[in-house]
Amino acid sequence: MNVKPKKQLGQHFLKDAGTCQKIAGQVIWTNDTRKVLEIGPGMGALSKYLWEIPEIDLWLLDVDIESIDYLRANYPAHADRILFGDFLRLDPKELFGEEAFIVVGNFPYNISSQILFRVLEWKDQVPVMIGMFQKEVAKRIVSGPGNKDYGILSVLVQAYYTAEYLFDVPPTAFNPPPKVDSGVIQLTRRTDVVTMKSEKSFIAVVKAAFGQRRKMLRNPLKGMFTPETLQEEIFTKRPEQLSVADFAALTFKMK
């Protein structure tokens, strides 16, 4: 029996073999790890191509018990690595210990940003992430300074990962078809992370700056810096004009 996509879980199952093969083709084991965790495998359209890669050690995780039962019944040889669970509640150390793992998935759009922030929390264990997002969100993640899509998500992700937009995916590749286009991106952990006062201060200044993205920085950031510091030229700029390194440098000037 087929698994019925569930609206409450934001499920749109991939069905296009070409798209699945292209995503699987991006998954290459690294010197860091051969372990790969696929989130939300559904009926295994992508999984079956990932299983064909002999160099990787694949685990599947889905919050939909119907999908888990289907996959275990149809792929019994892999049943012990087809896990029922919620990625947003996962403690990766319970699954992989201190070992690194690659994250792959056709992410439900209603929680895709939450998944991304979890990956950022585990950045020391996740060297690579390859994921399907709503195209609008995917573009936002990879956008650079000066682009209208550049924002909080762009800066926080690109502080720790190199973000690359791989390809578009049309609605017809899914069942049921979503109302929007999709895009696949790849994040590769940076070896040149910019120096910042602290991650907490970096996140705070980025979120505050983009909270009023159309105003000069001295307006949204006035509570974080002394009046004298706010007279510096950088505070006459708008947040979308600043690079990741610029935001990191600001953290050392906070009061």
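The values are calculated or read from the model by the stated rules, or taken from the named source; none is laboratory data. None of these values were measured; they are calculated from a predicted model. Using ideal geometry, Cβ is built from the backbone for each residue, glycine included, and neighbour counts are taken over all protein chains shown.
Descriptive notes on the structure:
- The residues listed here are Ala79, Ala45; of these, the one that is more than 18 Å from the chain's Cα centre (by Cα) and surrounded by fewer than 19 Cβ atoms within 10 Å (Cβ to Cβ) is Ala79.
- Qualifying residue in region 226-237 (condition: closer than 30 Å to Tyr109 by Cα and either outside any helix (DSSP H, G or I) or acidic (Asp, Glu) (or both)): no
- In region 55-76, the residues that are under 26 Å from the mean Cα position of the chain (by Cα) and polar (S, T, N, Q): Ser67
- Listed here are the strands (runs of 3 or more DSSP E) enclosed by region 34-84 that have at least 3 residues being among the polar types (S, T, N, Q) and not assigned by TED's automatic domain parsing to the domain that holds Pro176, and there are none.
- Filtering region 212-233 to residues that are exposed (fewer than 13 other Cβ atoms within 10 Å of the Cβ) and either without any contact (Cβ under 8 Å) to a residue 12 or more places away in the chain or more than 16 Å from Tyr150 (Cβ to Cβ) (or both) leaves Gly223, Thr226, Pro227, Glu228, Gln231, Glu233.
- Qualifying residues in region 82-114 (those that are aliphatic (A, V, I, L, M), surrounded by fewer than 20 Cβ atoms within 10 Å (Cβ to Cβ) and within 19 Å of the chain's Cα centre (by Cα)) - the one farthest from Lys35 (Cα to Cα): Ile111
- Test: residue in region 189-204 that is within 30 Å of Lys15 (Cα to Cα), within 19 Å of the chain's Cα centre (by Cα) and not in a helix (DSSP H, G or I): yes
- Residue count, region 104-125 (criterion: closer than 20 Å to Ile152 by Cβ and either in a loop (DSSP other than H, G, I, E, B) or not polar (S, T, N, Q) (or both)): 12
- Phe247 vs. criteria touching a Lys or Arg at 6+ places or on another chain (Cβ under 7 Å) and either not in a helix (DSSP H, G or I) or not β-branched (Val, Ile, Thr) (or both): no
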